[in-house]
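What follows is a set of notes on a single structure, which appears directly below.
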Amino acid sequence: ALACFYLKPLRSAEELLNDPSLVTFVIVEGVNNPTNLGTIMRCAAGLSVDGLLLSSDSCDPLSRRCCRVSMGEGFEIPYAWLPNMVDGLADVKEAGIEILALTPMNDSVDIAGLSYSPDDRVALLLGAESQGLTPQSMQAASRRVKIPMSGSVDSMNVGNAAAIAFYALRQARVS
């Protein structure tokens with residue numbers, strides 16, 4: 001054994017959403033590849049994301065592979081499960097958090113063009129690579145955002161996209 005961790009009590013989504021110290025969230029829908037989720041968690045921890053919300057069909061953030069890829073960040077970043085995505089996203093909005101759906105769709109705007117105050121609460125919604133976000137989640141989003149791509153490439157690995165989007169959100173916070 002290389003390390004031993006004591007698990008913190010699992011917090012509910014309601015607890016995370018009502019915690020004013022948590023300003024930036026990532027919400028994952030259907031991300032069931034532990035390498036991708038581990039990458040998302042590691043990037044979230046390194047790029048000022050305060051909390052993680054997971055759909056019930058996402059993989060366990062404390063699975064062995066997730067822990068390895070995230071370099072243990074799953075033990076640090078507060079996370080909670082959303083048993084029902086439609087209701088969960090409604091709760092996020094009710095908490096005053098703007099939901100940004102990351103998508104290559106034509107009606108989305110460049111994420112680099114966003115601007116927020118340090119206190120504005122925002123959540124980046126990410127979907128699995130194969131199917132992306134469900135129509136219900138896309139509809140629940142306040143805005144659709146994209147990372148502009150060049151050539152014939154329309155998107156990238158969800159972990160890579162998360163890193164770029166988290167950086168863009170951090171840069172969007174103006175004092």
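So is Asp87 over 25 Å from Arg173 (Cα atoms), surrounded by fewer than 16 Cβ atoms within 10 Å (Cβ to Cβ), in contact with a Gly (Cβ under 9 Å, 6 or more places away or on another chain) and acidic (Asp, Glu) or not?
In short, no.
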**Count of the range 48-67 residues which are surrounded by 19 or more Cβ atoms within 10 Å (Cβ to Cβ), more than 15 Å from Leu17 (Cα to Cα) and of a type in the set (A, V, I, L, M, F, W, C)** = 3
**Prompt:** Name the pairs: first residue in the range 139-160 and small (Gly, Ala, Ser), second residue open to solvent by less than 80 Å² (accessible area, probe 1.4 Å) and in a loop (DSSP other than H, G, I, E, B), Cβ to Cβ under 6 Å, at least 6 apart or on different chains?
**Reply:** Ser155/Pro104
**Item:** Out of Cys43, Cys66, sole residue that is without any contact (Cβ under 8 Å) to a residue 60 or more places away in the chain and over 21 Å from Met138 (Cβ atoms)
**Value:** Cys66
**Asked** Could you say whether any residue in the range 125-135 is open to solvent by 70 Å² or more (accessible area, probe 1.4 Å) and not in a loop (DSSP other than H, G, I, E, B)?
**Response** yes
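Against the condition in contact (Cβ under 8 Å) with a residue 40 or more places away in the chain, part of a helix (DSSP H, G or I) and touching a Pro at 6+ places or on another chain (Cβ under 9 Å), how does Leu16 come out, does it pass?
yes
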**Message:** Among the listed residues Ser70, Ser108, identify the single one that is closer than 15 Å to Arg42 by Cβ and either exposed (fewer than 13 other Cβ atoms within 10 Å of the Cβ) or among the polar types (S, T, N, Q) (or both).
**Reply:** Ser70
**Prompt:** Got at least one residue in the range 9-28 being under 23 Å from Gly159 (Cβ atoms) and open to solvent by 90 Å² or more (accessible area, probe 1.4 Å)?
**Reply:** no
**Residue pairs meeting the criteria (Cβ under 7 Å; at least 6 apart or on separate chains; first part of a strand (DSSP E or B), in the range 87-111; second among the polar types (S, T, N, Q) and open to solvent by 40 Å² or more (accessible area, probe 1.4 Å))** = Glu98/Ser142; Ile99/Ser142; Leu100/Ser142
**Prompt:** Checking Pro118 against (1) part of a loop (DSSP other than H, G, I, E, B); (2) closer than 22 Å to Pro20 by Cα; (3) touching an Asp or Glu at 6+ places or on another chain (Cβ under 8 Å), which single condition isn't satisfied?
**Reply:** (3)
**Prompt:** Quick check: anything in the range 139-159 within 26 Å of Ser70 (Cβ to Cβ), buried (at least 21 other Cβ atoms within 10 Å of the Cβ) and among the basic types (Lys, Arg)?
**Reply:** yes
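Among the listed residues Ile40, Ile97, identify the single one that is open to solvent by less than 20 Å² (accessible area, probe 1.4 Å), among the hydrophobic types (A, V, I, L, M, F, W, C), modelled with pLDDT of 95 or more and farther than 18 Å from Gly30 by Cα.
Ile97
The values are calculated or read from the model by the stated rules, or taken from the named source; none is laboratory data. Values in this document were obtained by computation on a predicted structure and should not be read as measured data. No Cβ is skipped: glycine too gets one built from the backbone with ideal geometry, and neighbour counts run over all protein chains shown. Note: accessible area is taken over every heavy atom of the protein model, side chains too, but ligands, DNA and RNA are not part of it. Shrake-Rupley method; radii C 1.70, N 1.55, O 1.52, S 1.80 Å.
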